[in-house]
Each structure stands twice: as C-alpha cells, then as structure tokens.
1. Taking θ = phi - 60°, what integer Hz values does the Karplus form 6.51 cos²θ - 1.76 cosθ + 1.60 yield along segment 350-361, in sequence order, with x for Gly and Pro?
2. How high is the FRET efficiency from Arg332 to Ala212, r the C-beta distance, R0 56 Å, rounded to 0.05?
3. For Thr108, list long-range residues whose amide hydrogen, built 1.01 Å from N in the peptide plane, is under 5 Å from its own amide hydrogen.
4. On the Cα set of segment 186-272, report Rg and Dmax in Å, please.
5. Among Met176, Met193, Met305, which comes first, second and so on when ranked by fewest other beta-carbon atoms within 10 Å?
6. Please identify which residues in segment 109-130 have an amide N closer than 19 Å to a label point set 7 Å out from the Cα of Asn164, following the Cα→Cβ vector.
7. In nanometres, what is the gap between the two model label sites at Arg92 and Lys461, each 7 Å from Cα along Cα-to-Cβ?
8. Summing Lys, Arg as +1 and Asp, Glu as -1, what charge do residues with Cβ under 15 Å from the Cβ of Thr105 carry, Thr105 excluded?
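Every read-out reported here was derived from the displayed coordinates using simple, explicitly stated rules and does not represent laboratory data. Keep in mind the model is a prediction, meaning the values are calculated, not measured. Neighbour counts are summed over all protein chains in view; Cβ atoms, including those assigned to glycine, are modelled from backbone coordinates with ideal geometry.
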Amino acid sequence: MPAIAEIEAVATNHLAEQQEELLALEAIYPDRFNYRYHIDRNIGTAHVFVVAEDGEWWNIVTRNADRKGKEPELGEATGEMVLQVRHMPPVRIDFTLPPGYPYSTPPTVRLECEWIDDDALRATEALLRDAWAKERDMILFSWLDMLADIRSFAQLTDPLIVSNEIAWSIRSFDQMVREADFARTLYPCPVCMEEVRGSDCLRLACGHAFCAGCLTGYFSLMIQEGRLASLQCPSIECQPEPHKPDEPELRYLLGDALADRYAQLQTQRSLEADPTIVWCPRPTCQGPAHCDATVGDPNRRNGAMLAVCNQCYYSFCTGCNRGWHGPVSKCRLPDDAGIQVDLADEYASGYQEERRKLEQQYGRHTIRKLVRAQLGDDAISDADDGCDDDDPRKPRKTATDNAVQENETAASSARPRRIGRIAARRETRKWIHENTKRCPQCRSQIQKWHGCNRMQCFVCKGHFCWLCLKLLPITDPYSHYRSQGESKCAGLLFLGVDET
C-alpha cells in the first residue's frame, strides 16, 4: 500500500491542478463562474449562455400541458408559434471536484434549466460524465463549451415546446440581452454620420438606429410643421416601404407633448379625408360632424344634408351652414353681400350642372332673382343663351364678359370694379375646372402636372386613374393598366405624359 505521505502528495498535486483550472475559468467567465473550497474538495457553479448561431433562431411553441421540451403525443395539439429568439436563458451547472479529480475520480455534475425537461437534463449529465471518462483529464472548459451548443449536444426538439409562462420568460430574457448588446455597441448615425454608442442612440422598430438628438429633432420638426407624410425612418436602407412610427413608439421616443400633437394631427387628417365629415359652423365649436351623404352626392335633396356636430350637438344644413331647415325647405341666401355677388356670378357664368345644383339648393326663382339684382336682366338671358351645355369644357360668353367690355372706359365707377373682381373669380373657377379633377374617394381637387396617369390623393392617400377616375387597389394600382379587356385604360399608363 502507498504511504500516507505519497497519497497526500498526489492529493496536493491534484488540488493545485484543480485550482489552476478554476482560476482560468474564473478569468474567462468573470460574471458567470464562481467556486469555493469546502473541506477537501472544490464546489462551483457556472451559468452557460445559449446563443443561436448567425442566421439561425430558436423557435418557441407554446402548449398547455406540462411537457417541457417533449414532442407532442399523437393527437395532442402543439399550440402556436409565438416567437423566434437568438438568446435563451442560461443553463446552470453545479459541479464538485473530488480529491481524485482530474485523473482518477470523475467530477459530479447537476444541471438546471427552466426550458429543458428533467429527462433531457439527466441525459445531458450522463453525456458530460461520459466525456470525462474518455479524456480523464481537466474537463470543465469542455463541458461549458458543450452546453453552449446544447441544442445539438442534447438533441433538443425544434421547435421547442414550452408553457406560456416559460415562453414569456424566454422572450423577456432575449429582449434584455439584445438591449444590453445594443447599449454597448457603436453605431454610425445615418443623419450626422458620427459613430455613437447604442446607449446614446434611439432605435426604431425597423431596427435602424440614430443618435438621440438627430432622430428627436427630425421627428419633432415634422410634427410641429404638420408634415406627417414625411414622418418615417430617415435611413435610405429602410426599403421597400420606409417604416412609419406609430403613436406609442413616438410617445416613447419624444414624450407626451409631441405625441399628443401627433395624435391630434392624425385624427384631423383622417377626418379631412372622410367624405362624410363636415365641420360645425359655430365659431366657438368647429368640431367634426357626420352627414348622411358626401358633399356633392346627387342623392342629397336640395343640395344639402343634415349634419349633427359630435361636440356641441348642433344640427345644421351642410349647404348653407344654418340651423337645419328640413329636407323640403330651400337654403336661405347668405347675408354677406360679397358672397351673394359670388353666387350670382357662379350661376351666370357656370355650366349647366353647376347652375342646376344652385337651383336645387336655393330654388330656381330665388337664385335667378339674385342674379338679376346683382348683374342685371341681361345676365339671365346670356346664361340661358350661352354655349352648348353638353360640352362643359367649352367656355361660355357670360354676362360678366359683356359687362367688362361695356365698362372698359368707366374704371372709376363702383360697378366696373365689382365686375373686374367677378371676372377674376370666374377665370379662377374656369382654370380649376379645366386643369383639375376631383378625387373619387374624398372629392378633393387634384392637379396633375407631371408623371403617369396613376394618381395618389394628397388628402386621403387613395390611388385612382386620372383618365377614368376609377379607384385603384392599394396593393397593385398598376394592374388597372395591365388588364387587357378588363379595363378601358389598359396600356394607357403614360398617355398624355408629354402634354402634361
């Protein structure tokens, strides 16, 4: 039998080798590895982070039964895919190094992990002991390396089946690690072109990061100026559709004051784009009101519809903006003399459809009486004997034209000055009529000054065809010009481009 001194010498040598291995691991993993010497052996704990390789993910599926990590039995529902993560909560390994380690006595090992079932953990422990049996040498570093790739080492299922509670725990841990990595990484700001640490950056939901000053300044300017269409990720790499932050994201980035203004502008834009929304005529209110038909709807009786303000509950006529007078009574003429002159000239110089709408709203007798009072009897006869009403693009010779010619030498009198203003307004309406069209969705006036015939309304963002005024699908508006036989505008996408 060996002498006691020899046994003690061997034990001392083993202890020195253990200390050397433990100190090396403590230096490599300072925050995840610790140990202590107890009686005659070293006892330690390590936490192994499990990270998916580049281009790979951990697929997590929820399930109701308590079957951590196991394949579902035949007929058992597997649940639904809830998330993909790169960082999994760490695997804890508790080990004990006996006096005979590393050459003669194996270390003891115990694994703990919330997202791996107990059977898989015990099988993995057996694999670790087998690895020492083959080497019979210092094995702790190899163990930690094996556990870092535990998916293939322990042959875990993909997707991994866990409970809802564990799935949320995995998601929270993955988000925490991502945020920590982001905070200590340097990123080039696409706006100021300077490298900034992630802790001083703001990152949008699309993944692009900017220094806090650049991004908040840009978004604040867009909101203050009401340019919501430009409120998007400033990175040129954000393609094909730049990311547009929503209200919760802006509230997190900019604070409550600017986020509240953004929400107010968004609400206002959506109301303006809604053809069934008009505005309360009361100066102290001016809130939104819903009417039963859109402005310009031919089904509206007398050219007006009932609207009730959502804020002050005032019921009014959308034609004359006065209190609701019922569907049979005509609208009263406005009290303002200037508006009366405009109405008279609009009727006298208008096209047949425009005159018909005014007659429906105010009554034929009332509007013609107004024209006689403002422009004279000749205005009515000239309006009735004007150009062919079937050609709305053909200019009419109006009472205003005759009046301007008759009074060219009387510039100092009141009537020629009034007629000059009327003529200017008539020319403006004529230009709008000849050079613009109404959006078929919200009825806003649109001018086309260059580009193809696929148009997008600046108010409601709807897509429509400039040639036939048909609303186009948002997903593929150009299909309207490719559908041979189904659309009369097929092949006419660029018709008239050179003339625009």
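1. Along segment 350-361, the couplings run x, 7, 4, 5, 5, 5, 5, 5, 5, 5, 5, 7 Hz.
2. Efficiency, rounded to the nearest 0.05: 0.45.
3. Amide H to amide H, under 5 Å and 5 or more residues apart or across chains, Thr108 pairs with Thr96.
4. Both quantities, over Cα of segment 186-272: 13.0, 43 Å.
5. Met193, Met176, Met305
6. Residues 115 fall inside that zone.
7. Result: 4.9 nm between the two label points.
8. Residues close to Thr105 contribute a combined charge of -2.
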